[in-house]
Amino acid sequence: MSPRLLLFPALSWLAVLFAAPLLLVLAASFAQRGLPLEWAFSLEAWRSVLEPPVLKVLTRTLWFALLTMAGTLMLGAPLAWFIARRPVKTRRMLLALVLLPLIANSLVLVYAWMNLLDRQGLAGRALIALGVLPEGGQMLYTGAASLLGMVYYFLPFMVYPICMALEKMDWRLVEAAADLGASGRQSLRHIVLPLVWPGVAAGGILVFIQAMGTFVIPDLMGGSKDMLAGTMISHRFVGQASHWPAGAALSVLIMLVMTAGLLVYFKLQHRILK
Amino acid sequence: MNAPPGLLTRTPAWLRLHSAACVLFLYLPVAVLVVFSFSDSASSMVWGGFTGEWYAKLAQNERLLRALGNSLTIAAASTGVGVVLGTLAAVGHAALRKRRDAVEAAMMLPLMAPDIVIALALKLLFVKVFVTGPGLLPMALGHSLLAVCYVFLVAGTRMKRFDWRLVEAARDLGAGGGQVFRHILLPHLWPGVAGGALLSIAVSLDEYVIASFLSGPGTATVPVEVAGMIRRTFTPEVNALATLLLAVSVLLAPAALLLWRGSRRAMPPPGQNA
């Protein structure tokens, strides 16, 4: 009953169903477009990645990921601070409350927002009544709706690491600073912020890399005008206008960005958990 | 957590307001969705009086019932594979002396890759390499990848508290590998395995992207059908379906989490037994 023997089935399963397919994607990005794919070497897929429409989508995806990160930070940081300051029992309950939506089917959450943001939905009607949107206009199927959905969905991913970092902080350092004459603001800037910063960064990276690869939310809520990378990739694999090598190339690109982000995240994780 | 002084001790009114608003933001869309599933109207965005007819209609929806059958089949098959491979891997991993971290990282990778990349990688595998095309088997295999990782994750956590000297003692008394597994490992391990199984069932039932990429005619799962319905129309019937999906997630996943947390607390760490 050697450990390697026990691990072998699971690891080979992953090799066949995960590692090999990913290598296939890489190989496919150098293949030729066909029905759906011809295994002949070609750089046409990678050339298409450098075309303006694709670059536009990539920059937009990057931009949206950054905006999502900023949005979740603005909403999540104060919330994390509030939660971390509660007594332990309330803290656990509040954190569970914040994390619970992650358990739900993402389609359900998306549908809930679509109902609200449609021009006939509760929020949609309110926006028109308040004059924010013109008569008959709606927020649904725009980039703004995608952004809202993404901030909503990724908020727990920002709150949790920040809260953890705040919990692990030694508040006596702040006490000591106060004894030495520091004001609340000075303590915040020179003591709390530097210690909490890895938690904030970890949350930020987590949200960023997930936002880069997100597909369901922008696909259903964002409409076709402000397309993001995930949607573009899926379009390349479906239907008449499919272009599998191009979709593969785009996926490789997105994965590279996400892997880079993940490596930074792991480095930060080590710093928080010390 | 000891109380920090001055500016940092008080919880300003705006912080309380902000936190309350955030929680409202997280739960209001879902609450609206559930409420309107009982609306007696053609549109899910207009309230028309209370009725339970939509739930009754769901029970007679042939397409949905078939999709439910597919979902359950895939969840059961993938979890079955996941339980076997994941449990073996968890035990093997706990018994490893070298390269523990590397193996753990490898087993966690599929859970961190973007779903759309896994989905199209698998589509590539099953269309161009195995040439089976879409269908229930590829879908079950795709979900089994995730199942193996989830079972490994939860059972592995359970194994961290296992006292290997019990195995040594059993061996000294002449027990064979199978007996050790049945009488010593399994009784300790089963809550972790059960938790991992529940988690992978919940994930499989909710999973949309992989399922939609690999599904063919007649093999749609519930999330795939839901996505189709969401794109077409906003009716209370869809709300009712969404509410049911929510109920399933809310029931299954916390049960799995409880089993996981129980695994972390139940047994004393090795070295404290007589």
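Brief remarks on what is shown
- Hey, B:V226 closer than 22 Å to B:E104 by Cα, under 19 Å from the mean Cα position of the chain (by Cα), part of a helix (DSSP H, G or I) and not acidic (D, E) or not: no
- The one condition in (1) closer than 30 Å to A:T231 by Cα; (2) polar (S, T, N, Q); (3) in contact (Cβ under 8 Å) with a residue 60 or more places away in the chain; (4) more than 9 Å from chain A (Cβ to nearest Cβ) that B:T132 fails to fulfil: (3)
Listed here are the residues, each with its yes/no results for (1) of a type outside the set (D, E, K, R); (2) over 13 Å from A:M150 (Cβ atoms); (3) under 15 Å from the mean Cα position of the chain (by Cα).
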site	(1), (2), (3)
A:E175	no, yes, no
A:D179	no, yes, no
A:A182	yes, yes, no
A:P194	yes, yes, no
A:P198	yes, yes, no
A:G204	yes, yes, yes
A:I209	yes, no, yes
A:M221	yes, no, no
A:L228	yes, no, yes
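- Output for the range A:32-41, where each listed residue is open to solvent by 40 Å² or more (accessible area, probe 1.4 Å) and within 9 Å of chain B (Cβ to nearest Cβ): A:W39
- Every residue from the range B:17-46 that is over 29 Å from the mean Cα position of the chain (by Cα), facing another protein chain (nearest Cβ under 9 Å) and of a type in the set (S, T, N, Q): B:S43
Residue-wise test of (1) touching a Cys at 6+ places or on another chain (Cβ under 7 Å); (2) assigned to a helix (DSSP H, G or I); (3) more than 10 Å from every other protein chain (Cβ to nearest Cβ); (4) open to solvent by less than 10 Å² (accessible area, probe 1.4 Å).
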{"site": "A:A27", "(1), (2), (3), (4)": "no, yes, no, no"}
{"site": "A:F30", "(1), (2), (3), (4)": "no, no, yes, no"}
{"site": "A:W46", "(1), (2), (3), (4)": "no, yes, yes, no"}
{"site": "A:K56", "(1), (2), (3), (4)": "no, yes, yes, no"}
{"site": "A:T61", "(1), (2), (3), (4)": "no, yes, yes, yes"}
{"site": "A:L66", "(1), (2), (3), (4)": "no, yes, yes, no"}
{"site": "A:G71", "(1), (2), (3), (4)": "no, yes, yes, no"}
{"site": "A:G76", "(1), (2), (3), (4)": "no, yes, no, yes"}
{"site": "A:L97", "(1), (2), (3), (4)": "no, yes, no, no"}
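- Residue count for the range B:20-43 satisfying the condition of being touching an Asp or Glu at 6+ places or on another chain (Cβ under 8 Å) and open to solvent by less than 40 Å² (accessible area, probe 1.4 Å): 0.
- From B:L68, B:L85, B:L58, residue being hydrophobic (A, V, I, L, M, F, W, C) and more than 30 Å from A:Q210 (Cβ to Cβ): B:L58
- Picking from residues in the range A:150-206 that are of a type in the set (F, W, Y) and farther than 17 Å from A:Y265 by Cβ, the one that is most open to solvent (accessible area, probe 1.4 Å) is A:Y153.
- Condition check for B:K123: of a type in the set (D, E, K, R), over 18 Å from B:F152 (Cβ atoms), at the interface with chain A (Cβ under 10 Å from one of its Cβ atoms) and over 24 Å from the mean Cα position of the chain (by Cα): no
- All positions within the range B:84-102 that are touching a residue at least 12 places away in the same chain (Cβ under 8 Å) and surrounded by 20 or more Cβ atoms within 10 Å (Cβ to Cβ): B:L85, B:G86, B:T87, B:A89, B:A90, B:V91, B:H93, B:A94
- Every residue from the range A:1-17 that is open to solvent by 50 Å² or more (accessible area, probe 1.4 Å) and either of a type in the set (D, E) or within 18 Å of B:K98 (Cα to Cα) (or both): A:M1, A:S2, A:R4, A:L5, A:F8, A:L11
- Check on A:L102, in a helix (DSSP H, G or I) and either in contact with a strand residue (DSSP E or B) (Cβ under 8 Å, 6 or more places away or on another chain) or at the interface with another protein chain (Cβ under 7 Å from one of its Cβ atoms) (or both): no
- Put simply, of A:S42, A:S29 the only residue that is of a type in the set (G, A, S) and more than 23 Å from B:P138 (Cα to Cα) is A:S42.
- When restricted to residues that are in a loop (DSSP other than H, G, I, E, B) and either more than 7 Å from chain B (Cβ to nearest Cβ) or of a type in the set (D, E) (or both), the range A:1-25 contains 1.
- Restricting the range B:189-223 to residues that are over 17 Å from the mean Cα position of the chain (by Cα), touching a residue at least 12 places away in the same chain (Cβ under 8 Å) and open to solvent by 10 Å² or more (accessible area, probe 1.4 Å), the residue that is farthest from the other protein chains (Cβ to nearest Cβ) is B:G218.
- Where a residue in the range A:1-30 is touching a residue at least 12 places away in the same chain (Cβ under 8 Å) and its partner, wherever it lies, is polar (S, T, N, Q), with Cβ under 8 Å and at least six apart: A:V25/A:S251; A:S29/A:S251; A:F30/A:S42
- Search result, residues across the range A:244-255 that are open to solvent by 10 Å² or more (accessible area, probe 1.4 Å) and touching a His at 6+ places or on another chain (Cβ under 9 Å): none
- Sole residue being among the hydrophobic types (A, V, I, L, M, F, W, C), within 29 Å of the chain's Cα centre (by Cα) and part of a helix (DSSP H, G or I), chosen from B:W14, B:W54: B:W54
The values are calculated or read from the model by the stated rules, or taken from the named source; none is laboratory data. Just so we're clear, the structure is a prediction, and the values are computed from it rather than from any experiment. Methodologically, a virtual Cβ is constructed for each residue, glycine included, from the backbone with ideal geometry; neighbour enumeration extends over all protein chains shown. To get the accessible areas, we keep the full protein, side chains included, count just its heavy atoms, and leave off ligands, DNA and RNA. Shrake-Rupley method; radii C 1.70, N 1.55, O 1.52, S 1.80 Å.
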